[in-house]
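Notes follow the structure.
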């Protein structure tokens, strides 16, 4: 935060566009493109009344898709939470040839279109796999796709914290005879937890809504590998926007919840630092 | 933490192994599969009329979307950092929504506003404007999904540079526009460039939201990512790989741009 100068009454007409115009334009644009359409989803989901909403959300196939989505997204966040922390540690504290290239490659899942990500995994882990592993059309395939697309979140959130970490504490602990494992769990990990949690939360949010990478590899088998976003898509295709909107509202609620949680973790993290 | 050599190498192997199994080997394999039939085949496959029209549509959508996002991003970043209005926190909370929402839900939302039976459907039909199942729908969907990138990259830079220089310019008699153009914009240029790269990559790669609103008419509303899906579903695996390789090349270019600009950004 810039606190150097008072929030001042600047001479009108001079200085930077001090927020009023910028705020108006951004809010208007955000409302037009994002908020109004989302309101339309909520409205459509309630068009037939609360009962119709509830019937759509509690239909067996919807419940099954939502439950599977939640579980697989949680698993994704947990696995990439651990793997991401480990990779971040290796990228920050270890030295090996090619480290910069590896570091740049981490962002590949963000840069690669999701449909290509799905096809890519299918090439190695689908029918015709050169290593004889075929997980296509299974729940494991969905997990694999989600692990791929959410890989960078935890790494990119933990890396900067690890870089800034004061190493004196670790040295002090070591000089007092603490073993590396103890130093990690007692000294390093506590400072990383907020970053790990917010990275994992982002990964979770992304996994809950993911569509492109999952749609080819999962086979969309209802009651088995069908995730919520694919369920919504199928409802749109079969001209049932009401049902699609109802499940979408559940997904929207989850997204908001995660955003709020990330804010909370962020606030807690910055308090932690002081 | 001074870990002994064996642990360190063990951790390194696990980390790199995870990356290899998840990222490197699959992506490498797609390139291998694409080119094992020879360059000629790939060239033919990405120069069919449908593929060329998909490529141009994808580029056209990105060319419209990215400037819009850049402009919005600058405004939003200014509002977030410099704004002193009660709406600031609300904007800060809402701006990340597009990242947290499923692309399919985004597509549905646009359908329910601009579609035939949507909120503005009848009026749009009367005026003879078609948004859903045509290019404007694809553009709006892409703007939605890639909206926050520039704002999120520019805001921290704005915060860091502070307001002293801008106020000095104002004191010296520069008007708001001059101050922005001569002082603010040069200071945020690398953050802006980074956001633009991320936004471009997302615009080119968007699939879910676009697939709901596009209608997927070959030669008209079919983007590259939709072409990949269609070829795959029509059992044209080699064709799908070729189109994917093209998209993957764009992604690698994005990574390169990111690391080059990222280095500049941290120098500045």
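So, in the stretch A:211-263, of the ones that are on the phi > 0 side of the Ramachandran plot and either touching a helix residue (DSSP H, G or I) at 6+ places or on another chain (Cβ under 7 Å) or within 8 Å of chain B (Cβ to nearest Cβ) (or both), which residue ends up surrounded by the most Cβ atoms within 10 Å (Cβ to Cβ)? Step by step, filter the stretch A:211-263, then rank; the result is A:220.
Tallying residues that are free of Cβ contacts under 8 Å to residues at least 60 places away in the same chain and either surrounded by 21 or more Cβ atoms within 10 Å (Cβ to Cβ) or more than 10 Å from chain B (Cβ to nearest Cβ) (or both) within the stretch A:91-109 yields 4. The residue that is farthest from the other protein chains (Cβ to nearest Cβ), among those in the stretch B:150-184 that are surrounded by 21 or more Cβ atoms within 10 Å (Cβ to Cβ) and over 33 Å from the mean Cα position of the chain (by Cα), is B:169. Is it true that residue A:207 is in a loop (DSSP other than H, G, I, E, B) and within 11 Å of chain B (Cβ to nearest Cβ)? Here the answer is no, as residue A:207 does not meet what is asked.
Among the numbered conditions (1) touching a helix residue (DSSP H, G or I) at 6+ places or on another chain (Cβ under 8 Å); (2) at the interface with another protein chain (Cβ under 8 Å from one of its Cβ atoms), the only one that residue A:184 does not meet is (1). Residues in the stretch A:159-181 that are out of contact with any helix residue (DSSP H, G or I) (no Cβ under 8 Å at 6 or more places or on another chain), within 19 Å of residue B:11 (Cβ to Cβ) and not in a helix (DSSP H, G or I): A:179 alone. Any residue in the stretch A:20-42 that is surrounded by fewer than 22 Cβ atoms within 10 Å (Cβ to Cβ), within 11 Å of chain B (Cβ to nearest Cβ) and farther than 30 Å from residue B:68 by Cα? No, that holds for no residue.
Among the residues making up the stretch B:27-49, those that are in a helix (DSSP H, G or I) and free of Cβ contacts under 8 Å to residues at least 24 places away in the same chain are B:28, B:29, B:32, B:39, B:40, B:43, B:44.
Considering only residues in the stretch B:212-225 that are within 13 Å of chain A (Cβ to nearest Cβ) and touching a helix residue (DSSP H, G or I) at 6+ places or on another chain (Cβ under 6 Å), the one that is surrounded by the most Cβ atoms within 10 Å (Cβ to Cβ) turns out to be B:223. Kindly provide the set of residues from the stretch B:22-42 that are within 10 Å of chain A (Cβ to nearest Cβ) and more than 26 Å from the chain's Cα centre (by Cα), ordered by number. Correct list: B:32, B:33.
We did not get these values from a lab; they are worked out from the coordinates using the rules stated. All values reported here derive from a predicted model rather than from experimental measurement. Counting neighbours? That spans all protein chains shown, and the Cβs are built from the backbone with ideal geometry, glycine included.
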